[in-house]
Amino acid sequence: MLSNYNQIAEYSLSGEALSREECLAVLDSPDEQIIELLSAAFRVRATHFGKKVSLHLLINAKSGLCPEDCSYCSQSSVSTAEIQKYPLLDDEQIIQGAREARQAKAIRYCIVSSGRSTGPKELNRLCRQVKNIKKEMNLSICTSLGLLTPEAAIALKQAGVDRYNHNLNASQRFYSQICTSHTYRDRLQTLQNARAAGMELCCGAIFGMGETDDDIIDLSLALRELQPQSIPVNFLIPIEGTPVASSLENHLNPLRCLKILCLLRFLNPELEIRVAGGREYHLRSLQPLALYPANSIFVAGYLTTSGQTPPDAWQMIQDMGFEIEQVPVSEMPV
Ligand code: SF4
């Protein structure tokens, strides 16, 4: 087993996958060695991304009213959480969100819609909205619209969608414990359809749902095998009214979150790793340290929960001596 974190970094940089034993050594590393662990993860991160941090901004384009039973989600059919519920936002609201993403210095605008999948009428509207954004500004667009057929994937690609988000969320073994209305295999099929249509993939995880170390390692290795362009790493925000929140004791803490991020960085040296939902809630005062393994964050909150404002995120990045990845200068009219 590699006991020295610098050796693990070397191993990662050479393109080799860590063994399960080595993955476990990272996850279960002594708390007092966190600085050494972060320093090794930063070596890998800096090799591929320097000190750049890319910002992303989410819009909840359609909220709640979902028939699925994802037990962590406040928008599911089995959730009693008090959240806003509304149908797909109109064209002006969606393009206004894109303008706010530009103002927030976000490099990518992530349009997320609740539901098992997106029907033809809503898909047409979303395609039109994406085209409108692309006409007005140079902004990368990611959509997250649930399960996707090959035809829907092609329509999104043709409308100008750059990237499709669909998270694995959990290990294959653990998946049926967090959702029964669709399967892990369904999710892999959607990812395959999105990739086949020519879109980049954004595919990540949620930690803190009662998974074991083995589940974390299985999921991390599955993501390495999948090689999405981007891995959003969520730490579960236990929203009152969701089944997971009521059945779980929180076993995350800031150091545990950092160790998970380091593991993902060692396994995926060249991929964008984004600290996503739960950054503020679980990392608390250690949030800035997440920038050592991760090279991307969301600003201005998540789907149904609030988060760090853009100015506070900019300040954190500057205080750490990192820099915001710039939005490419548009050649199109603004
Ligand atoms: S499909 Fe999406 S919106 Fe619906 S319950 Fe699952 S995570 Fe929530």
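The values are calculated or read from the model by the stated rules, or taken from the named source; none is laboratory data. As the structure is a computational prediction, the values presented were derived from the model and not from experiment. Ideal geometry is used to build each Cβ from the backbone, glycine not excepted, and the neighbour counts take in all protein chains shown.
Out of all the residues in the stretch 70-94, which are in contact (Cβ under 8 Å) with a residue 40 or more places away in the chain, touching a helix residue (DSSP H, G or I) at 6+ places or on another chain (Cβ under 8 Å), more than 7 Å from the ligand (Cβ to nearest atom) and part of a loop (DSSP other than H, G, I, E, B)?
Residues satisfying the conditions are SER71, TYR72, VAL78, SER79.
Condition first: surrounded by 21 or more Cβ atoms within 10 Å (Cβ to Cβ) and of a type outside the set (Phe, Trp, Tyr). Now tell me which residues in the stretch 108-134 satisfy that.
Step one: list which residues in the stretch 108-134 are surrounded by 21 or more Cβ atoms within 10 Å (Cβ to Cβ), which gives 108-111, 113-114, 118, 123, 126, 129-130, 133.
Answer for the stretch 108-134, where residues must be surrounded by 21 or more Cβ atoms within 10 Å (Cβ to Cβ) and of a type outside the set (Phe, Trp, Tyr): ARG108, CYS110, ILE111, SER113, SER114, THR118, LEU123, LEU126, GLN129, VAL130, ILE133.
Restricting the search to the stretch 135-150, which residues are within 16 Å of the ligand (Cβ to nearest atom) and crowded, with 17+ Cβ neighbours inside 10 Å? Talk me through it step by step, then tell me what you get.
Residues of the stretch 135-150 within 16 Å of the ligand (Cβ to nearest atom): 142-149.
Answer for the stretch 135-150, where residues must be within 16 Å of the ligand (Cβ to nearest atom) and crowded, with 17+ Cβ neighbours inside 10 Å: CYS142, THR143, SER144, LEU145, GLY146, LEU147, LEU148.
Here's a check for you: in the stretch 295-324, which residue that is at pLDDT 95 or above and part of a loop (DSSP other than H, G, I, E, B) is surrounded by the fewest Cβ atoms within 10 Å (Cβ to Cβ)?
GLY321
Output the number of residues of the stretch 160-192 satisfying the condition of being away from the ligand (no atom under 16 Å from the Cβ) and either charged (D, E, K, R) or crowded, with 20+ Cβ neighbours inside 10 Å (or both).
Of the residues in the stretch 160-192, the ones away from the ligand (no atom under 16 Å from the Cβ) are 160-163, 171-173, 192.
Those left that are additionally either charged (D, E, K, R) or crowded, with 20+ Cβ neighbours inside 10 Å (or both): 161-163, 171, 173.
Total satisfying the criteria: 5.
Is there any pair with a first residue in the stretch 179-191 that is part of a helix (DSSP H, G or I) and a second that is within 11 Å of the ligand (Cβ to nearest atom) whose Cβ atoms are under 7 Å apart and which are 6 or more apart or on different chains, and what are they?
The qualifying pairs are ASP186/LEU147; ARG187/HIS166; THR190/LEU147; THR190/HIS166; LEU191/HIS166.
Regarding the stretch 109-120, can at least one residue be identified that is more than 29 Å from PHE207 (Cβ to Cβ) and modelled with pLDDT under 95? Full working, then the answer.
Going residue by residue through the stretch 109-120, those that are more than 29 Å from PHE207 (Cβ to Cβ) are 119-120.
Filter once more, keeping what is modelled with pLDDT under 95: 119-120.
Looking for residues that are more than 29 Å from PHE207 (Cβ to Cβ) and modelled with pLDDT under 95, one finds at least one in the stretch 109-120, hence yes.
Please enumerate the residues belonging to the stretch 94-125 that are over 29 Å from LYS52 (Cβ atoms), of a type outside the set (Ser, Thr, Tyr) and in contact with a Leu (Cβ under 7 Å, 6 or more places away or on another chain).
Passing the criteria: ARG116, GLU122, ARG125.
Could you tell me how many of the residues in the stretch 282-294 are buried (at least 18 other Cβ atoms within 10 Å of the Cβ) and not in a loop (DSSP other than H, G, I, E, B)?
Narrowing the stretch 282-294 to residues buried (at least 18 other Cβ atoms within 10 Å of the Cβ): 282-283, 287, 289-294.
From what is left, the residues that are not in a loop (DSSP other than H, G, I, E, B) are 282-283, 287, 289-291.
Qualifying residue count for the region: 6.
Identify, by number, the condition in (1) in contact (Cβ under 8 Å) with a residue 40 or more places away in the chain; (2) in contact with a Lys or Arg (Cβ under 6 Å, 6 or more places away or on another chain) that ALA159 doesn't meet.
Looking at each condition in turn, ALA159 falls short on (1).
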